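K.L.:
Sharing a structure, written as structure tokens. Questions coming.
The values are calculated or read from the model by the stated rules, or taken from the named source; none is laboratory data. In this text, all values refer to a predicted model and were calculated from it rather than measured experimentally. With ideal geometry, Cβ positions are generated from the backbone for all residues, glycine too; neighbour counts draw on all protein chains shown.
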Amino acid sequence: MSPGWLTVTVVYCAPGVEDWSEVRLPQGSAVSDAIAAAKLAARIPDFETSIDAGIWGRRCPLDHPLANGDRVEIYRPLQIDPKEGRRVRAALRRKTRF
């Protein structure tokens with residue numbers, strides 16, 4: 001790789017969709033640049049443009065600068081609040097025990 005360029009991986013997963021793209025960007029690029037370069041909206045019909053993203057599992061703003069080798073992950077909104085999900089599962093376990 002020549003100086004001044006970054007190689008970054010962009011990952012998106014949804015039910016029935018697993019997308020992994022490697023993009024090459026100029027030094028100083030941000031997370032939003034990597035997502036745009038991956039052209040997810042063109043390949044994935046239900047891709048939402050208002051997204052949350054992170055690098056290596058840590059949420060960050062879309063204007064966060066990238067480093068060479070970063071893995072940009074795109075996060076989907078939660079379907080259910082985790083606390084509520086635990087309550088529902090616990091109630092089901094209580095019902096089935098007795």
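K.L.:
If you scan region 68-83, which residues turn out to be surrounded by 10 or more Cβ atoms within 10 Å (Cβ to Cβ) and out of contact with any Asp or Glu (no Cβ under 7 Å at 6 or more places or on another chain)?
P.N.:
As a first pass, look at region 68-83 and keep what is surrounded by 10 or more Cβ atoms within 10 Å (Cβ to Cβ): 68-76.
Scanning region 68-83 gives 68, 69, 70, 71, 72, 73, 74, 76.
K.L.:
Does region 57-77 hold any residues that are in contact (Cβ under 8 Å) with a residue 40 or more places away in the chain and in a strand (DSSP E or B), and which are they?
P.N.:
Let us first name the residues in region 57-77 that are in contact (Cβ under 8 Å) with a residue 40 or more places away in the chain, namely 66-74, 76.
Those that are in contact (Cβ under 8 Å) with a residue 40 or more places away in the chain and in a strand (DSSP E or B): 71, 72, 73, 74.
K.L.:
Just checking, does region 19-33 include any residue being among the β-branched types (Val, Ile, Thr), at pLDDT 90 or above and not in a strand (DSSP E or B)? Show your work before the answer.
P.N.:
Step one: of region 19-33, the residues among the β-branched types (Val, Ile, Thr) are 23, 31.
Next, only the ones that are at pLDDT 90 or above stay: 23, 31.
Keeping just the survivors that are not in a strand (DSSP E or B) gives 31.
Among the residues of region 19-33, at least one is among the β-branched types (Val, Ile, Thr), at pLDDT 90 or above and not in a strand (DSSP E or B), which makes the answer yes.
K.L.:
Can you name the number of the only condition in (1) touching a residue at least 40 places away in the same chain (Cβ under 8 Å); (2) loosely packed, with under 14 Cβ neighbours inside 10 Å; (3) not hydroxyl-bearing (Ser, Thr, Tyr) that residue 42 fails?
P.N.:
Going through the list (1) touching a residue at least 40 places away in the same chain (Cβ under 8 Å); (2) loosely packed, with under 14 Cβ neighbours inside 10 Å; (3) not hydroxyl-bearing (Ser, Thr, Tyr), residue 42 breaks only (1).
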